[in-house]
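The values are calculated or read from the model by the stated rules, or taken from the named source; none is laboratory data. In this text the structure is predicted, and so the values were computed from the model without any measurement. Cβ: placed from backbone, ideal geometry, glycine included. Neighbour counts: every protein chain shown.
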Amino acid sequence: MRNLNLLITGILFLFLISSCTITDINEPVTISGKITDSSGTGLSDVKILLETSSEKINTQTSSDGKYTLVIPNGGVAFATFSKEGYTSETKSIAFKGGEKRVINLSMNTIKEDAYFRIITNDVSVKNRGGSFSVSIDTNVKYEFSCKEDWIKCEIISNNLYIEYDENKTLEERTATITLNADFGLTHTIKITQDAGPVLKLIDYIGKDNQTNFLTSVPFISFNREVKLASINSSYKDIDLTAEYSADRKTIYFPNIKIPPFISTTITYEVESTDSAKIKESFNLKVYEGKQEAKSNNGQKLLFTKDGKYCWLYTIIAFGTSTLTQYSTTDLSVTGSLAWKQNDYSDFFYNRYNNCLYILRNYRTDIEKMDIYDATTGKFIKEVDLSEYLNNSYISTLGFAENGLGLTFMNYKLYSINSAQNDKFEFLSDNSMLYDPHQVNSLIPREVDICNNGKMFVLTKGFEMDDVYTVDSETKELKHYYNVKGQYGVTNDLYSGIVLGSYYNNSITYLDFKTAEKHNVTTNNVGNFATIIATGEQYPTILTSSLATISLENGIEKKFSMDGSSTYIMKSSNDGEKIALIYNNNLYLFKSEVFTKYSNKIK
């Protein structure tokens, strides 16, 4: 600023001397005047500093405020007038040589010139924490104070930054910030904060896995009264009717039903009585887990005895297959086996030693079988079958609780004892096992287990007219004939087999203890089924049509699908969990979804 003043003064000086001679410039200049206060009284001891380009000249006023000083020649000068307790003044002056200049000046005290300007007086804030700033225009020093501990202040440059805490009380509250400046200048800022508490979502369906859709009505709960402003679902065909608790802090949605294979996101906005809003969402599904399962060809599912894992064999593409282990908690991938596409043909589970028995195929060494740990996936050993096969091969295996297994070799029934180093023995070639029209043609082709792993069930696997059982302890063989079924399904829970006949629209339960047949007529037989746990005397099955059918009372429930059908399904040994493939995805369910909580699904 001073340089600018000098520049302007210099321009004026050049204008003034444009008509003067050089001798005029070199003549001395006399400057005099009187310095007074705001009342007109002369001020003594005012210091005056006159600066030219070549020298500095000092003087001060006399007791009556007068002063005189002489500079040797004309030119440009910069004058400063100062006195303790007064506001200093500066002037830039251009002089002609020989000039006598009178410069009078009135000076104010600092107090008279002091200013402390703040526009903000009253501020209203919401009950949630926040901050704001106040602009302060002043030329004096100041301090602030506030007795309330929910207010924090900080001076930064020309601003007072104010931070306020969340109001957790039920009452409106106020705070006063007092600003005290020099010379008795003051200002107050009053802050009024809305009553709390701040609107917060405190609980909702599925939070921290403490509640779930099956056992609880979907809900959202807040710390104060709210109303539902809007709500929508990513799955459109859903009833979002809301019901409020007595204190209107919780909203329930009792009519929500969703299809088994759908995961939907419910998005909502609520508003409290103080106009605060919260927009949030929650997710709903009835399955425990979901994984992609690309192929619908040659897949096979098996559960381990403890129900902690399931294994899925999948053909990904020609020449590429996988054998993957999944957790039955959430269906996360927990392991895999390197399936030797050109070597392996099928796999089976042995509950006795918790191992996977993998058969070699006819392209390579069909006389070998590999055994892997079903929990860790580690290779255990190789079993040589050359002594038993005699140009035949194994196509199926089933193992009982005591380690005894059954298979078919050389058109005969053999046992394999995993409790005795997987030793094979001939078991039976009883005529009842053979087609009377084809002497060397065995009727049964598949081996299943029922009755808590104590009984083998032998079937053709399709178009069944005969069912056989073998007691795992006594090895007694029994034959049940004149049965009809396009598929059969067993489980540890029951000592029988469920036969489904889509030709006759019927489901039959054959009890091996009593030889009793229990029939139900239905249009939802499907192409296959699995048994689920209910605790009833007769089984309840879930069919590929996604229908539950109770052989106890004949009640059936059909659940919605998009026109596709399930490809494969398997229940755990205890019937508590179901794994199935639908639309190229593997799903895991608790079986009670389709029984106890069937009212939650469409």
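Among residues of the stretch 335-351 being buried (at least 18 other Cβ atoms within 10 Å of the Cβ) and of a type in the set (Ser, Thr, Tyr), the one that is nearest to residue 298 (Cα to Cα) is 344. Taken together, the residues in the stretch 555-602 that are farther than 19 Å from residue 310 by Cα, part of a loop (DSSP other than H, G, I, E, B), of a type in the set (S, T, N, Q) and touching a Lys or Arg at 6+ places or on another chain (Cβ under 8 Å) amount to 1.
Residue by residue, here is whether (1) in contact with a Pro (Cβ under 6 Å, 6 or more places away or on another chain); (2) under 15 Å from residue 273 (Cα atoms); (3) not assigned by TED's automatic domain parsing to the domain that holds residue 152 holds:
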position: 179; (1), (2), (3): no, no, no
position: 207; (1), (2), (3): no, no, yes
position: 210; (1), (2), (3): no, no, yes
position: 217; (1), (2), (3): yes, no, yes
position: 220; (1), (2), (3): no, no, yes
position: 226; (1), (2), (3): no, yes, yes
position: 230; (1), (2), (3): no, no, yes
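Residues that are surrounded by 13 or more Cβ atoms within 10 Å (Cβ to Cβ) and part of a strand (DSSP E or B) within the stretch 118-130 comprise 118, 123, 125, 130, listed in sequence order. Which one is farthest from residue 339 (Cα to Cα), of the residues in the stretch 292-302 that are touching a Leu at 6+ places or on another chain (Cβ under 9 Å) and outside any strand (DSSP E or B)? Going through the qualifying residues, I end up with 293.
May I ask you to verify whether residue 550 is closer than 26 Å to residue 311 by Cβ and either out of contact with any His (no Cβ under 6 Å at 6 or more places or on another chain) or of a type in the set (Gly, Ala, Ser) (or both)? It is false that residue 550 is closer than 26 Å to residue 311 by Cβ and either out of contact with any His (no Cβ under 6 Å at 6 or more places or on another chain) or of a type in the set (Gly, Ala, Ser) (or both). Checked against (1) under 42 Å from the mean Cα position of the chain (by Cα); (2) among the aliphatic types (A, V, I, L, M); (3) exposed (fewer than 12 other Cβ atoms within 10 Å of the Cβ), residue 134 passes all but condition (3). Residues of the stretch 313-334 that are surrounded by 18 or more Cβ atoms within 10 Å (Cβ to Cβ), touching a Lys or Arg at 6+ places or on another chain (Cβ under 8 Å) and modelled with pLDDT of 95 or more: 328, 331. Considering only residues in the stretch 34-47 that are out of contact with any Leu (no Cβ under 7 Å at 6 or more places or on another chain) and in a strand (DSSP E or B), the one that is surrounded by the most Cβ atoms within 10 Å (Cβ to Cβ) turns out to be 34. The number of residues in the stretch 220-245 that are more than 30 Å from residue 165 (Cβ to Cβ) and of a type in the set (Phe, Trp, Tyr) comes to 2. I need the full set of residues from the stretch 131-148 which are at pLDDT 95 or above and in a loop (DSSP other than H, G, I, E, B), in order please. 146, 147, 148, listed by residue number. Please specify each residue of the stretch 370-397 satisfying the condition of being surrounded by 13 or more Cβ atoms within 10 Å (Cβ to Cβ) and touching a residue at least 40 places away in the same chain (Cβ under 8 Å). Within the stretch 370-397, 371, 374, 375, 377, 395, 396, 397 meet the criteria. The set of residues in the stretch 105-128 that are more than 30 Å from residue 44 (Cα to Cα) and without any contact (Cβ under 8 Å) to a residue 40 or more places away in the chain comprises 117, 119.
Between 578, 555, 568, 549, the distinction of being farther than 19 Å from residue 299 by Cα, among the aliphatic types (A, V, I, L, M) and either surrounded by 20 or more Cβ atoms within 10 Å (Cβ to Cβ) or touching a residue at least 40 places away in the same chain (Cβ under 8 Å) (or both) belongs to 549 only. Of note, residue 404 does not satisfy the criterion of being modelled with pLDDT of 95 or more and more than 13 Å from residue 470 (Cβ to Cβ). Would you confirm whether any residue within the stretch 75-85 is surrounded by 16 or more Cβ atoms within 10 Å (Cβ to Cβ), within 30 Å of residue 187 (Cβ to Cβ), modelled with pLDDT of 95 or more and in contact with a strand residue (DSSP E or B) (Cβ under 6 Å, 6 or more places away or on another chain)? Among the residues of the stretch 75-85, not one is surrounded by 16 or more Cβ atoms within 10 Å (Cβ to Cβ), within 30 Å of residue 187 (Cβ to Cβ), modelled with pLDDT of 95 or more and in contact with a strand residue (DSSP E or B) (Cβ under 6 Å, 6 or more places away or on another chain), which makes the answer no. Number of residues in the stretch 446-461 that are out of contact with any Phe, Trp or Tyr (no Cβ under 7 Å at 6 or more places or on another chain) and either free of Cβ contacts under 8 Å to residues at least 60 places away in the same chain or under 19 Å from residue 346 (Cα atoms) (or both): the value is 9. Considering 198, 217, 226, the condition of being at pLDDT below 95 and hydrophobic (A, V, I, L, M, F, W, C) is satisfied by 198 alone. Listed here are the strands (runs of 3 or more DSSP E) enclosed by the stretch 423-479 that have at least 2 residues being over 51 Å from the mean Cα position of the chain (by Cα) and surrounded by 15 or more Cβ atoms within 10 Å (Cβ to Cβ): 423-428, 464-471. The number of residues in the stretch 549-569 being touching a Ser or Thr at 6+ places or on another chain (Cβ under 6 Å) and within 18 Å of residue 588 (Cβ to Cβ) comes to 2. Exactly one residue out of 199, 170 is within 36 Å of the chain's Cα centre (by Cα), surrounded by 16 or more Cβ atoms within 10 Å (Cβ to Cβ) and in a loop (DSSP other than H, G, I, E, B), and it is 199. Going by the structure shown, is residue 239 of a type in the set (Asp, Glu) and at pLDDT 95 or above? Yes: the conditions hold for residue 239.
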